[in-house]
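A short worksheet on the structure shown next.
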Amino acid sequence: MQLSQFTVTGNVLTLEVRSEIRQARFKAICRDMDQAVAALGRVRMVLVMRHYPSFNSAEDFYDDMRFLRLYDHAIDKVAVVCDRFWKDTWVGIFCLFSGIRMDFFEISQANAAARWIQGE
């Protein structure tokens with residue numbers, strides 16, 4: 001399966017985010033999610049957040065990640081991999097509103113994130 005925004009490995013979708021998710025990218029992500037859910041059913045996600053400026057605000061993070069709310073019925077869990085460990089607070093906030101199992105990993109913990117996302 002070829003997606004424009006995600007890298008796909010089995011039922012794991014990986015999305016790299018380096019800037020605010022504007023409307024055009026949000027729509028492309030949603031098209032990819034529709035295609036992935038139709039082909040795979042439930043999926044797992046890895047969000048790689050590198051030098052992401054909107055991570056400085058919980059509200060901005062929540063707005064940029066709103067596609068997770070739209071597809072929470074089809075997402076088993078999400079690993080957020082980020083270059084700043086203290087940002088896990090935002091992941092906790094998002095979990096309160098989405099019901100998706102999420103965990104946070106530093107960039108140096110990429111292997112641990114891969115093990116977690118593939119585990120039960």
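Throughout, read-outs are computed from the coordinates displayed, never taken from laboratory work. All of these numbers come straight from a predicted model, not from anything done at the bench.
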Legend entry - Derived scalar couplings ³J(HN,Hα) [the stretch 23-36; Karplus, 6.51 cos²θ - 1.76 cosθ + 1.60; whole Hz; x for Gly, Pro]: 4, 4, 6, 4, 5, 5, 4, 5, 4, 4, 5, 4, 5, 5
Inset, instruction - Tell me which residues come under 5 Å, amide H to amide H, from Lys77 once H is placed; ignore anything under 5 positions away on its chain. - result: Met45
